[in-house]
Structures are given as C-alpha cells and as structure tokens.
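The values are calculated or read from the model by the stated rules, or taken from the named source; none is laboratory data. Everything numeric in this text was worked out from a predicted model, so none of it was measured. No Cβ is skipped: glycine too gets one built from the backbone with ideal geometry, and neighbour counts run over all protein chains shown. The accessibility values were calculated without ligands, DNA or RNA, using every heavy atom of the protein model including side chains. Shrake-Rupley method; radii C 1.70, N 1.55, O 1.52, S 1.80 Å.
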Amino acid sequence: MSICLFGGTFDPIHTGHLIMAQGTLNEFDAIDKIVFIPSAKPPHKEIATCSSFQHRFTMTKKAIESNSNFSISKVENKRPGKSYSIDTIKFFRNNYKLNKDNLFFLIGEDSLVELDTWKAPQEIVSLATLLVIRRPNYQTEYKNPEYINKARFVDGVPLLDISSSLVRENISQGKSIKYLVPLTVEEYIKSYKLYQG
Ligand code: ATP
C-alpha cells in the first residue's frame, strides 16, 4: 500500500486543498490513499487565532467524506506539544511499515520555500517522497533552494489561487464563500458562525 500524507491547518479546508489531493491521486497511480492530517498545534501559525482543532477536524472530515480514496487522521492531536511533520512521518512509517517509496508527503510550493525553517527538513526528505504542487501568486524566492532537487513537482493538477485566508476574509467582509469550500463546510461555518471577525 502507498499513502500520501497531506498536513495542513485546514482553517478551513478549501477547494484548492481538495483539487490538489485528487490531482495527486490522478497523477500517481501508485498512491492508494491521501490522508488528511489537521495540525493540532501548527508550529508556524498563531494558535490563539486559529479555530479549535475540533472545528478544523470536523470540517475536513465533512469535506472528504464522499471520496473513498481520502481519509483523515487525528494523530497530531494525540501528541503533546507542537505538531511537527517529521513526527507524523515517523509515526506512519513505523505503524504502517512504509518506506520512502510508498510514503509520500504533499505540500504546496509556498511550504517548500520555507521547508528549511521546519523541524528536521533533511530527515523529512529522506524518510518520505516530497510531492509539491505549484501555488499561483505566492512568492517562490527560495532563500535556501537545497530542497528543490529533493522534491517532485506534480504536473497536470489545476492550479487554484484559493487559500484559507481568502475564505476567512470573504466571510469577515460579508462576501459569499460558495464554491471556495464544499457545501457541507459552508453550512458548518454558518451554523457555528466561524470567522465572523
Ligand atoms: P492560510 O491562508 O491560512 O495560510 P492555506 O490556504 O495555505 O492557509 P494550509 O492548511 O495552511 O492552507 O495549507 C496546507 C498545505 O496546502 C500547505 O502545504 C499549502 O502550501 C498547501 N496549499 C493550500 N492551498 C493551496 C493551493 N491553492 N495551491 C497549492 N497548495 C496549496
């Protein structure tokens, strides 16, 4: 079995995330499943301003439930302290007996640009195959281009300039978020009045 881990804050999950995950499955026949991993305590984001893990987890679950090749893991919420991707990669390698050939790790290019600021980036790229989706309108000036050669860019995936920030901004400005997120997520956000500023 080959799986691809897809970590994120998912605050909220949006259509860009879903298209990049499905696009990766389309491009790599070898990958059986994408595992969405909402970060419990994202090291690079201000946790105090994030929605709760429970909200982010539930929205992600709702967004992926119609796709049998997608699944979700709570693993980062079970660990104390900050949620480091390297610990998640090690968890999947050990628990599912995976190696670099059948364990993939999916990120957007903005994450690749800052990979050198993550915990143990060298180990990340040696324990999993790094897959990268280009991200329109993000600065791709690499201060440390060391990891570009270690990454496989996934071509053939529609690029979407959608971000969780855009979804949150639209809500706080009273604009619609229709099609930026799946309907079930839109309804969830409305029912809990999330992101209203
Ligand atoms: P925010 O706007 O709050 O920073 P985000 O849209 O970047 O959030 P995250 O949950 O932080 O969403 O992203 C998880 C991963 O998905 C990251 O590696 C990010 O680079 C990637 N990603 C998110 N949206 C896109 C997109 N539209 N195209 C390519 N990669 C994306």
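Per-structure values
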| item | result |
| --- | --- |
| Evaluation of Tyr195 against (1) in a loop (DSSP other than H, G, I, E, B); (2) over 21 Å from Ser52 (Cβ atoms); (3) of a type in the set (Ser, Thr, Tyr) (one fails), failing number | (2) |
| Of all residues making up the stretch 156-197, the number that are open to solvent by less than 50 Å² (accessible area, probe 1.4 Å) and touching a helix residue (DSSP H, G or I) at 6+ places or on another chain (Cβ under 9 Å) | 15 |
| Cβ-Cβ under 8 Å pairs, at least 6 apart or on other chains, the stretch 127-141 side closer than 10 Å to Leu103 by Cα, far side part of a loop (DSSP other than H, G, I, E, B) and more than 8 Å from the ligand (Cβ to nearest atom) | Leu127/Lys100; Ala128/Lys100; Thr129/Lys100; Thr129/Asp101 |
| Restricting the stretch 125-155 to residues that are of a type outside the set (Ser, Thr, Tyr) and in a helix (DSSP H, G or I), the residue that is most open to solvent (accessible area, probe 1.4 Å) | Asn149 |
| Looking only at the stretch 102-124, and only at residues there that are without any contact (Cβ under 8 Å) to a residue 60 or more places away in the chain, surrounded by fewer than 19 Cβ atoms within 10 Å (Cβ to Cβ) and more than 14 Å from Gly8 (Cβ to Cβ), the one that is nearest to the ligand (Cβ to nearest atom) | Asp116 |
